[in-house]
Amino acid sequence: MADGIHLQVITPTALVVDEQVDEVVAPGEAGEFGVLPSHTPFITTLHTGELKYRKGGVENKLIVEGGVADVRDDKVNIMTDGVKED
Amino acid sequence: MASLRQIKTKISSVKGTSRIMSAMKLISAVKLKRAQDLLMAYRPYSDAYQDTTMNVAKRCDQKWHPLLRKSEEPKKLHLVFITSDRGLCGSFNSSLIRKLETYLVTDTESFEEVAFSFLGRRGRDHFGKEGLRVTSSYIGITERNYSEISEKVSTELTNEFVKGDSDEVILVYNYFKSALTQEITYEKILPIESGSEGEDEILVDYLYEPTRKGILNDLLPKYAQVRVQRAIQESMTSEHAARMTAMENATSNANDVIKNLTLLYNKTRQAMITTELMDIVNGTEALSKGDE
């Protein structure tokens, strides 16, 4: 289970991110939350804010405009209305 | 036999038609490309949305949200029928209409009430005359406004469903398989139910944040909208593809007609020349006989 998390960031017009990462930090409705491998199933709505994900020590950032995050079986699906590159 | 002039006019009119049709084909090809790009971009989003919603629905009791309410004996059916506004697209609309007509006869017996929503002029015009219960109809759906329209439609559908005015909502549309094949599709979108019931997998319930109610209230209506928009996009892309194919066939038919007419024209012309020659020869012979 230590191969990380599969992160997908999807908007109605594009598949923005589709890769294997080590850690995801997203702007949840009830505050920022982090996801590491073997996280329990978790679903939350998102605020507009910064989505960070780390892969091999490199941190990437995106601005997501609301949406839903679905965390399940070491997968994080983020469906958002739009993203902006940071 | 038709006169040369008649054939000539006919050829030039068919040529004109063929030019128009090949222009329409080119326009459809451009529109298809654009619609297809939008559809291909939207598919992963709507698939992901569906996946998530199904996973949530699997873990939920149907009492937790009105959109999950599954009737034991559904009485009221609502059909959302998606066609195009314009014709000249082969059997795109007609086969859909025919399919729905059979469906209405064979598959809706158990329902007491069937209501309709029409997206697209063709379906509305066809079924509008038959005195069916039409809740709403939309025409003039384009690439620019389909997301607003899908929102309006899905809001209507979900409100109606929540009030108990419908027990089942089914979308009927052409699914875009490829530029050459479109598939007529029925899709039940309400009540929201996960397809794989009765499976033995052990489900760990989600942690919902902020609350389960809040998530369901956000996720489920949006899901209905996503499904409607997806269907509209599938249908629009299919329409352009169907029109492109239809226009291509029509152009090649027109070219065949032109070929045949040209052949006829040449034959007639040659026949006339022969007749004229014979006249001249006969004439000269008659004259030379007279000299002797």
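Every read-out reported here was derived from the displayed coordinates using simple, explicitly stated rules and does not represent laboratory data. Being a predicted model, the structure only gives us computed values, none of them experimental. All Cβ positions, even for glycine, are placed from backbone atoms using ideal geometry, and neighbour counts span all protein chains on display.
Tally Lys and Arg at +1 and Asp and Glu at -1 over the other residues with C-beta under 14 Å from the C-beta of B:Thr142: what net charge comes out?
Result for the neighbourhood of B:Thr142: +1.
Just to confirm my numbers, what's the Cα centroid distance between region B:95-174 and region B:190-269 in Å?
15 Å
Fully extended, how many nm does the chain gain between B:Gln62 and B:Arg5 (0.36 nm per residue separation, minus their Cα-Cα distance)?
Stretched out fully, the B:Gln62 to B:Arg5 stretch lengthens by 13.0 nm.
Quick query: amide H of B:Ala115 versus all other amide H atoms, modeled in the peptide plane; which residues come in under 5 Å with a sequence gap of 5 or more or a different chain?
Here B:Leu77, B:His78, B:Leu79 satisfy the definition.
Could you tell me the largest-minus-smallest coordinate of the C-alpha atoms of chain B on each of the three principal axes, in descending order and whole angstroms?
Sorted from largest, the Cα extents of chain B read 120, 38, 35 Å.
What is the fewest-to-most order of B:Ser94, B:Ser288, B:Ser238 by other Cβ atoms lying within 10 Å of their Cβ?
Ranked by crowding around the Cβ, least crowded first: B:Ser288, B:Ser94, B:Ser238.
Please give, to one decimal in nm, the separation of the simple spin-label points placed at B:Leu207 and B:Lys99, each 7 Å out from Cα toward the Cβ.
For B:Leu207 paired with B:Lys99, the spin-label model returns 4.5 nm.
Quick one: which of A:Lys61/B:Lys222; B:Lys33/B:Lys99; B:Lys31/B:Lys177; B:Lys99/B:Lys188; B:Lys76/B:Lys99; B:Lys31/B:Lys259 span more than 22 angstrom between C-alpha atoms?
From A:Lys61/B:Lys222; B:Lys33/B:Lys99; B:Lys31/B:Lys177; B:Lys99/B:Lys188; B:Lys76/B:Lys99; B:Lys31/B:Lys259, over 22 Å: A:Lys61/B:Lys222; B:Lys33/B:Lys99; B:Lys31/B:Lys259.
Can you compute the helix-only [θ] at 222 nm over chain B? Use -39500 (n - 2.57) per DSSP H run of at least 4 residues, normalise by all residues, nearest 500 deg cm²/dmol.
-22000 deg cm²/dmol
I need the helices of chain B that pass two filters: whole DSSP H segments spanning 15 Å or more by Cα along the axis, and mean Kyte-Doolittle score no lower than 0.0.
Long hydrophobic helices here: B:92-106.
To make sure I understand, if each residue's beta carbon is the centre and we count other beta carbons within 10 Å, what order do A:Thr44, B:Thr102, B:Thr135, B:Thr52 fall in, fewest to most?
Lowest to highest Cβ neighbour count: B:Thr102, B:Thr135, B:Thr52, A:Thr44.
How many Cβ atoms of partner chains, on average, are near each residue of B:222-228 if near means within 10 Å of its Cβ?
So the per-residue partner count for this stretch is 1.
Sort B:29-37, A:30-38, A:68-76 by packing, meaning the average of other beta carbons within 10 Å per residue, with the highest value first.
Result, highest mean Cβ count within 10 Å first: A:68-76, B:29-37, A:30-38.
Would you grab the residues whose amide H sits under 5 Å from the one on A:Glu19? Only those 5+ places off in sequence or on another chain, please, with H modelled 1.01 Å from N.
Long-range HN contacts for A:Glu19: A:Leu7.
Going by C-beta contacts inside 10 Å, put A:Met79, B:Met278 in order with the fewest on the left.
B:Met278, A:Met79
Set the Förster radius R0 to 25 Å, insert the Cβ-Cβ distance between B:Glu143 and A:Asp18 as r into 1/(1 + (r/R0)^6), and round the FRET efficiency to 0.05.
About 0.50, to the nearest 0.05.
Just counting partner chain Cβ atoms within 10 Å, what average do the residues of peptide A:70-77 show around their Cβ?
3
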